[in-house]
Amino acid sequence: MTTNKLIGPWDALIQQYRLDEPVLVTRPTMPSLSRFQDQVEQIWDSRWLTNAGPYHQRLEAELAHWLGVEHLSLFCNGTIALLVALQALRINGGEVITTPFTFPATAHMLWWNRIQPVFCDIEPQTGNIDPDQVERLIGPETRAILPVHVYGNPCQLEALQTICDRHGLMLIYDAAHAFGVRYQGRPLASWGDLSMLSFHATKLFSTIEGGAIVASSAEQKQRIDLLKNFGIAGEESVIGPGINGKMNELQAAFGLLALEHMDEELAARRRLMQAYRRGLAGLPGVRLIDPSDTQLESNHAYMPILIDAAEYGINRDQLFDLLKQFNIHPRKYFFPLCSHFPCYSALPSAAPERLPVAERMAREVLCLPIFGTLAEHTVATICQVMHEIHAAAGMESQVSAR
Ligand code: T4K
């Protein structure tokens, strides 16, 4: 068995290749500071700070237009958007089938709605929920399926919709990673009964903190808008138990400026993705999660790879620790699995033997740095370092085998 303890000729390599500045997994797209200052001044003078102000209204309209969707409702963050999405569809009990290979927010928002998550295994090609495994998990308490478009790669949309139609279930997508992705010419966020988007600072489009629900009808959006504002329908009318999920004017102003940079951000990420494909090609034990589908217009939100320790020479955790010494800071999205959290690990569906693909992927995955301002030569260095580590790890194992 491979351990995480590393003994090897790393010092010379680190000296040769260590980057001067830390290269983080992502950096936010920053709009012009002076233009943001101008907008802050306008907001300041107007004294209109939140509650569907003019910047909020403009961002909601411009985002819907940019994404190509009809009904979009802004939120203070993606997590609260998901909480409200479930309420909007009146799913607040029973069971929902979801993936363990996601950020904690996905499973936690089920818990906050008193719904029991039922974890389903994932597909090895994408890390998305496996439709072939979903159906056998459906029982009398099942109310919905909550898949995640992991790394912005589409789930099997038609297969999941067919299952939901056959069993009378709702389909809610956690599309936190899927901003701007199009599939078969259609925005990915427009599939299912509704989709949640995240605009956190670490996302490709950001409002610092923020999120949205893409609704499937005007009535649904109206209900969502009421729910995110305490259920207030008028000054003297509260029609239901809502919450405060509103985005404020400063966030919306930041988002309006960030939106202007999206085309250039997407183009930069496409170039970086190609640089990674070139740089990592043929490296034994390293597989890119990079579905090649001509119908997919990707956003390259993440740069996930899988490390096969036997072929690469060291395991994912060893590589993760070692890269940090080169000042390269990838992340293990998503390790640990949600099914390992103490709040869920006792659920029957959380048993590791029921989730073999997810267990393996969580052990092997590493998300390398990708963001618009990352230099292509830095990507080349990261790839070079990974080749050098593999070569050195091979030499080391030959020495220890003697
Ligand atoms: N569903 C899914 C599938 C999600 O991935 C997420 C969020 C959600 C739901 C919930 O949506 P939100 O409620 O967050 O809108 C980060 C984000 O905080 C989180 O939003 C995101 N997923 C997740 C994948 O990544 P951490 O714990 O990795 O964040 P942190 O602070 O370690 O930052 C990661 C890197 O980003 C750092 O190395 C540096 C860089 N960074 C970070 C921040 C906050 C910056 O350069 N500037 C910054 O301001 O979770």
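Laboratory data are not the source of any read-out in this text; all were calculated from the coordinates shown. Since the structure is predicted, the reported quantities are computational estimates derived from the model, not experimental observations. For neighbour counting, all protein chains shown are included, and Cβ atoms are generated from backbone atoms with ideal geometry for every residue, glycine included.
Annotations for the structure displayed:
- Electrostatic dipole magnitude of region 123-201 [Cβ: Lys, Arg +1; Asp, Glu -1; Cα centre; debye, to 20]: 220 debye
- Projected label distance in nm at Ala61 and Glu264, using a 7 Å step from Cα toward the beta-carbon: 2.6 nm
- Largest GNM mean-square fluctuation among Phe341, Phe371, Phe119, using the chain with Cα springs under 10 Å: Phe341.
- Kirkwood-based shape ratio for region 50-194, expressed as Rg/Rh from alpha carbons: 0.97
- DSSP beta bridge pairing in the chain, given as percent antiparallel to the nearest 5: 60 percent
- Volume of the Cα convex hull of region 48-132, divided per residue and given in Å³: 136 Å³
- Per-residue ellipticity at 222 nm, computed for the chain from helices alone with -39500 (n - 2.57) per DSSP H run of at least four residues, works out to -12000 deg cm²/dmol.
- The charge dipole of the chain, taken about the Cα centre with unit charges on the Cβ atoms of Lys, Arg (+1) and Asp, Glu (-1), comes to about 500 debye, rounded to the nearest 20.
- Here the label points at Ala201 and Met30, each 7 Å from Cα along the C-beta direction, are separated by 1.1 nm in the simple model.
- Taking the convex hull of Cα positions in region 260-402, its mean projected area over all directions (nm²): 11.6 nm²
- Dimensionless Rg ratio for the chain, taking C-alpha atoms and the 2.2 N^0.38 Å reference: 1.04
- The alpha-carbon positions of region 301-376 define a convex hull whose volume is 122 Å³ per residue.
- Computed with the Debye formula from one identical point scatterer per Cα of region 137-202, without solvent, the log10 of I(q)/I(0) at q = 0.11, 0.24, 0.26 Å⁻¹ comes to -0.26, -1.00, -1.12.
- Summarised in one figure, the compactness ratio Rg/Rh of region 1-94, Cα atoms and Kirkwood Rh, is 1.22.
- Ranked by the mean number of other Cβ atoms within 10 Å of their residues, highest first, the peptides 294-304, 175-185 fall in the order 175-185, 294-304.
- Taking other C-beta atoms within 10 angstrom as a stand-in for reagent exposure, Lys246, Lys332 fall in the order Lys332, Lys246, fewest first.
- Summed residue charge, Cβ within 12 Å of Asn229's Cβ, Lys/Arg positive, Asp/Glu negative: +2
- Sequence-distant lysines (8 or more away, or on other chains) whose Cα lies within less than 17 Å of Lys246: Lys221, Lys228
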